[in-house]
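Q: Could you have a look at this structure, given as structure tokens, before my questions?
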Amino acid sequence: MNKTIPLLLILCCLVARPQAQNTVPPPVAPAQPGSASAQDPGAQKARTLLDKMIAALGGNAYLTYTSRSEQGRTFSFYGGQAKGLGTDYWLFWQYPDKDRTEVTKKRDIVYVHNGDKGFEITFRGTAAMADKEMEDYLRRRAHSLEVVLREWLKDPKTLVLYGGPGIVDNRMAEQVTLLNAKDDAVTIAIDADNYLPLRKSFSYRDPVDNLKTEEADTYGSYRPEQGMMTAHTIVHSRNGEVASQRFITHLEYNPQLSASLFDANVTYDPQNLKDKR
């Protein structure tokens, strides 16, 4: 599979500078289901912070938009250093599980995700995305802000915990953690002044080596777009090290997207090409 443009660059729904160290303290341990946690002042404060954050993002308009198109420039990093001069990209997203990303000026490398299937389209044809890449992509999608705020937050089994104040990217923040019924957690650092999300993070254990990995998105350069406050710079990091960064130059909410954008069928197997060599 073509590795020229790492998939990490274009996924996720990605600040003009490397992410500052998150000094927000960890959240308090959750109470057991059925306890008085719902009446806990910390839980109530966390809910209030989330409500203010959603309102700051655009309220119901943010929670219900169904499609998005954006274009900009994205960069990959290795060892904390940018790799190359970046590349242009065009992204088309449709809730809940479809997206298409075209990269390079010629838009001749395309990544398509539709449900639990992923494809890479190049001059060679269309190949199925590698299992590891799909696993990483599906994990990030399951922990996206759209999924967490639209699905996790509405589930009565999800615990909402207050983690206290701190500093994220040189701004005062309040931390809230959502813990779902599967003991899966996402932590959001909310700007203490304007209530916009500054950082979203989650962690998991690698199925191969069982080591803990944290992935995080840091948001900046907010500007209004169709009544919704939208981050135009996004940094994605893994275990505290910047992995990719994207700058959005144009964005539209709720565009009419053709279903054909997300259609793809495998035409070749990259492994066969390697075997022939």
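The values are calculated or read from the model by the stated rules, or taken from the named source; none is laboratory data. Keep in mind that what you see is a predicted model, and the values were worked out from it rather than measured. Positions of Cβ are generated from backbone atoms using ideal geometry, with glycine treated the same way; all protein chains shown enter the neighbour counts.
Q: How many residues are polar (S, T, N, Q) and part of a strand (DSSP E or B) if we restrict to the stretch 225-271?
A: Of all residues in the stretch 225-271, those polar (S, T, N, Q) come to 226, 230, 233, 237, 239, 244-245, 249, 254, 256, 258, 260, 265, 267, 271.
Keeping just the survivors that are part of a strand (DSSP E or B) gives 230, 233, 237, 244-245, 249.
The total comes to 6.
Q: Where in the stretch 1-118 are there strands (runs of 3 or more DSSP E), lying fully within it, with 3 or more residues that are modelled with pLDDT under 95?
A: 67-78, 81-94
Q: So the check is Cβ under 6 Å with 6+ separation or different chains; which pairs have a first residue in the stretch 253-273 that's surrounded by 12 or more Cβ atoms within 10 Å (Cβ to Cβ) and a second one that's of a type in the set (Phe, Trp, Tyr)?
A: Listed pairs, sorted by first residue: Tyr253/Tyr65; Asn254/Tyr65; Leu257/Phe92; Leu261/Phe92; Ala264/Phe119.
Q: Filter the stretch 188-211 down to the residues that are more than 15 Å from Arg139 (Cα to Cα) and polar (S, T, N, Q), then identify the one that is modelled with the lowest pLDDT.
A: So the residue we want is Asn210.
Q: Counting only residues that are among the basic types (Lys, Arg) and within 15 Å of Asn194 (Cβ to Cβ), how many does the stretch 207-250 have?
A: Number of matching residues: 1.
Q: Another question about this same structure. What are the residues in the stretch 99-118 that are crowded, with 18+ Cβ neighbours inside 10 Å and either under 17 Å from the mean Cα position of the chain (by Cα) or within 27 Å of Asp209 (Cα to Cα) (or both), if any?
A: Answer for the stretch 99-118, where residues must be crowded, with 18+ Cβ neighbours inside 10 Å and either under 17 Å from the mean Cα position of the chain (by Cα) or within 27 Å of Asp209 (Cα to Cα) (or both): Asp99, Arg100, Thr101, Tyr111, Val112, His113, Gly118.
Q: Six or more apart or on different chains, Cβ under 7 Å: which pairs go from a residue in the stretch 218-239 that's at positive phi and surrounded by fewer than 21 Cβ atoms within 10 Å (Cβ to Cβ) to one that's among the β-branched types (Val, Ile, Thr) and in a strand (DSSP E or B)? Could you list them?
A: Ser221/Thr233; Asn239/Thr213
Q: Quick check: anything in the stretch 193-210 of a type in the set (Ser, Thr, Tyr) and crowded, with 17+ Cβ neighbours inside 10 Å?
A: Yes.
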